[in-house]
1. Go through segment 140-181 and count every residue that is surrounded by fewer than 16 Cβ atoms within 10 Å (Cβ to Cβ) and either under 26 Å from ARG74 (Cβ atoms) or among the hydroxyl-bearing types (Ser, Thr, Tyr) (or both).
2. Hey, any hits in segment 140-150 for a residue that's assigned to a helix (DSSP H, G or I), within 16 Å of the chain's Cα centre (by Cα) and of a type in the set (Ser, Thr, Tyr)?
3. Quick one: which of ALA99, ALA130 is touching a Phe, Trp or Tyr at 6+ places or on another chain (Cβ under 8 Å), at pLDDT 80 or above and farther than 30 Å from ALA156 by Cα?
4. Can you find a residue that is more than 22 Å from SER150 (Cβ to Cβ), over 17 Å from the mean Cα position of the chain (by Cα) and either modelled with pLDDT under 95 or surrounded by 15 or more Cβ atoms within 10 Å (Cβ to Cβ) (or both) anywhere in segment 39-56?
5. Being polar (S, T, N, Q), within 23 Å of ASP83 (Cβ to Cβ), in a helix (DSSP H, G or I) and more than 15 Å from the chain's Cα centre (by Cα) narrows it down to one of SER179, SER154, SER168, so name that one.
6. Would you pick out the residues in segment 162-177 that are without any contact (Cβ under 8 Å) to a residue 60 or more places away in the chain and among the β-branched types (Val, Ile, Thr)?
7. Among residues belonging to segment 57-80 that are closer than 13 Å to VAL153 by Cα and of a type in the set (Ser, Thr, Tyr), point out the one that is modelled with the lowest pLDDT.
8. Can you tell which of VAL195, VAL216 is assigned to a helix (DSSP H, G or I), at pLDDT 90 or above, among the β-branched types (Val, Ile, Thr) and closer than 25 Å to GLY143 by Cα?
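The values are calculated or read from the model by the stated rules, or taken from the named source; none is laboratory data. This is a predicted model, so every value here is computed, not measured. FYI the Cβ positions are ideal-geometry reconstructions off the backbone, even for glycines, and counts take in every protein chain you see.
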Amino acid sequence: MTSTTPHATATTSAAVGEPPARFPDLVAAEWIKVRSLRSTPWVIVLVTLVVTGVAAARALADYNNFPSYNALTRREHPFSLGDAFPAEAYLTLMLAAVAVGAIATVSEYGSGLIRTTTVAVPARGAVVLAKAVVQAVLWTVVGALVALCSFLVSQAILGARDAAIPISDPDALRAFAASALLGPVCALVGLGLGVLIRHSATTVVAGSFVLLLLPVFFSSRKPLSAAFANAMVRNAWQRLAQIYGTPAEAYNGATVAGSWTVYVLWPLVALALALVVVRRRDV
């Protein structure tokens with residue numbers, strides 16, 4: 001009769017046991033999940049077409065109206081950046097980003113896949129961070145692509161009136177960076193809300209309200225209300241991207257540095273809350 005020694009048993013268990021998942025493996029797994037969703041490429045294509053189409057329409061309108069503008073407007077063409085990064089179109093991008101970021105989390109809760117995920121990877125915080133990395137990279141690429149398309153198309157149209165601005169212009173660079181980073185900021189907020197709420201429709205509605213509608217409720221006439229408005233992502237983007245030749249006073253005290261700070265704090269707070277909740281709450 002052959003006896004099994006403790007050393008042999010430990011060696012056998014180590015041989016058959018799988019090594020713990022590394023963080024790059026988690027990122028790769030989350031990317032596969034996002035890529036496998038049929039809605040992801042369609043959302044990206046739709047957002048690109050909407051933003052670029054609106055930018056082209058805005059630029060074409062200014063091209064046609066250019067002869068009727070006064071001499072100062074024709075010389076300084078303050079409408080150029082507004083045409084390149086139209087506010088109404090980028091609201092669509094914000095809505096799409098927050099929805100996709102939310103679905104990246106709540107879809108697993110709805111299907112029950114989250115239980116399999118947590119069994120395979122007990123470190124729930126690492127899973128949330130992997131999702132955040134995938135969403136941040138995806139929407140940074142998408143945001144840069146959309147911003148580049150809308151800028152190039154609008155400036156190509158305005159160039160026929162000598163009203164185009166180069167991408168090397170400081171205001172244009174800042175507007176491009178703010179528009180490119182708007183997507184990942186909103187996606188990470190949506191992801192954080194998804195972990196907190198864990199319901200698809202409710203999360204998308206909550207994200208849309210916080211990012212798109214809440215700024216409307218703050219008045220610019222009262223200092224405290226204006227301060228809250230300046231702390232909203234939507235208003236921060238408008239301060240960074242929408243330059244119409246107006247003085248700084250017209251932005252109700254919002255500064256460039258403060259607006260960039262808003263860009264940083266919103267996703268950080270959303271992720272911090274998500275990490276706290278996901279570790280303390282059962283799936």
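1. 12
2. Yes; the residues of segment 140-150 include at least one that is assigned to a helix (DSSP H, G or I), within 16 Å of the chain's Cα centre (by Cα) and of a type in the set (Ser, Thr, Tyr).
3. ALA130
4. No, there is no match, as no residue in segment 39-56 is more than 22 Å from SER150 (Cβ to Cβ), over 17 Å from the mean Cα position of the chain (by Cα) and either modelled with pLDDT under 95 or surrounded by 15 or more Cβ atoms within 10 Å (Cβ to Cβ) (or both).
5. Of SER179, SER154, SER168, the one residue that is polar (S, T, N, Q), within 23 Å of ASP83 (Cβ to Cβ), in a helix (DSSP H, G or I) and more than 15 Å from the chain's Cα centre (by Cα) is SER154.
6. Residue satisfying the conditions is ILE167 alone.
7. Among residues in segment 57-80 that are closer than 13 Å to VAL153 by Cα and of a type in the set (Ser, Thr, Tyr), the one modelled with the lowest pLDDT is SER80.
8. Matching residue, one of VAL195, VAL216: VAL195.
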